[in-house]
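Reviewing the structure listed below.
The values are calculated or read from the model by the stated rules, or taken from the named source; none is laboratory data. Just so it is clear, the structure is predicted and the values come from calculations on it, not from any experiment. Methodologically, a virtual Cβ is constructed for each residue, glycine included, from the backbone with ideal geometry; neighbour enumeration extends over all protein chains shown.
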Amino acid sequence: MNHPIIKIHVKNYGTMTAELYPEQAPLTVANFLSLIKKNFFDGLIFHRVIRGFMLQGGGYTEEMEHKETTAIRGEFAANGCRTNTLRHTRGVLSMARTSDPNSASSQFFVMHAAAPHLDGQYAGFGKVIEGDEIIDRIASVETGNYGFYMQDVPMTPVVIETMEIVSE
């Protein structure tokens, strides 16, 4: 099976190259590639950064305005998907969601460190294969609260300039 390759260009930080695993999460990979083709992620930010855990992005603008898209079925063991065995180790890409297991849409996270408690609970769908140092650079940003409802928000926006598909 082909593993699509994407690049995530992060303003002032550099580029992360990731390999996607459709055999683990076919709907998730198809959805992510579709959003990249529509330039959905261009100008969005990593809005939640927790050093030693993960970097979350793909849902908010620099002005902290939420950008919505259609939700998909969650492809992880706790939601009945037995084919997804990807572990949440450093560099893994996974889908963020609410308490609703079928609420993943565009928000994703990149693991800064292993988090085995997420295995089988979230849809891992890829892994950073180049640009590991970019993960560390983003993880080291100063964060704080945004209003009373968002925590771990970078004090200076970490902007996804664009994402591109290198190969499908």
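Worth pointing out:
- Flag for PHE108 being closer than 13 Å to MET163 by Cβ and in contact (Cβ under 8 Å) with a residue 12 or more places away in the chain: yes
- Every residue from segment 112-126 that is small (Gly, Ala, Ser), closer than 21 Å to GLU23 by Cβ and surrounded by fewer than 24 Cβ atoms within 10 Å (Cβ to Cβ): GLY120
- The lone exception for GLY57 - which of (1) crowded, with 23+ Cβ neighbours inside 10 Å; (2) in contact with a Ser or Thr (Cβ under 7 Å, 6 or more places away or on another chain); (3) under 17 Å from VAL153 (Cβ atoms); (4) of a type outside the set (Asp, Glu) it fails: (2)
- Only residues that are buried (at least 19 other Cβ atoms within 10 Å of the Cβ) and free of Cβ contacts under 8 Å to residues at least 60 places away in the same chain were counted in segment 152-161, giving 0.
- Residue match in segment 143-151 (condition: under 22 Å from HIS9 (Cα atoms) and surrounded by fewer than 21 Cβ atoms within 10 Å (Cβ to Cβ)): yes
- For segment 1-51, the set of residues classified as part of a loop (DSSP other than H, G, I, E, B), in contact with a strand residue (DSSP E or B) (Cβ under 7 Å, 6 or more places away or on another chain) and among the basic types (Lys, Arg) consists of LYS11 only.
- When the residues of segment 73-93 are filtered to those that are in contact with a Lys or Arg (Cβ under 9 Å, 6 or more places away or on another chain) and not in a loop (DSSP other than H, G, I, E, B), the one that is surrounded by the fewest Cβ atoms within 10 Å (Cβ to Cβ) is ASN79.
- Among the residues of segment 52-68, those identified as touching a residue at least 12 places away in the same chain (Cβ under 8 Å), touching a strand residue (DSSP E or B) at 6+ places or on another chain (Cβ under 9 Å) and not basic (Lys, Arg) are PHE53, MET54, LEU55, GLN56, GLY57, GLY58, GLY59, TYR60, THR61, GLU62, MET64, GLU68.
Every residue, every condition in (1) closer than 15 Å to TYR13 by Cβ; (2) modelled with pLDDT under 95; (3) of a type outside the set (Lys, Arg), yes or no:
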{"site": "LYS67", "(1), (2), (3)": "no, no, no"}
{"site": "VAL92", "(1), (2), (3)": "no, no, yes"}
{"site": "ALA114", "(1), (2), (3)": "no, no, yes"}
{"site": "ARG137", "(1), (2), (3)": "yes, no, no"}
{"site": "VAL141", "(1), (2), (3)": "yes, no, yes"}
{"site": "THR156", "(1), (2), (3)": "yes, no, yes"}
{"site": "ILE160", "(1), (2), (3)": "yes, no, yes"}
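- Residue satisfying condition, being surrounded by fewer than 20 Cβ atoms within 10 Å (Cβ to Cβ), more than 20 Å from HIS47 (Cβ to Cβ), of a type in the set (D, E, K, R) and under 15 Å from the mean Cα position of the chain (by Cα), within set GLU168, GLU133, GLU164: GLU164
- Test: residue in segment 117-124 that is in contact with a Phe, Trp or Tyr (Cβ under 8 Å, 6 or more places away or on another chain), touching a residue at least 24 places away in the same chain (Cβ under 8 Å), under 21 Å from TYR149 (Cα atoms) and among the polar types (S, T, N, Q): no
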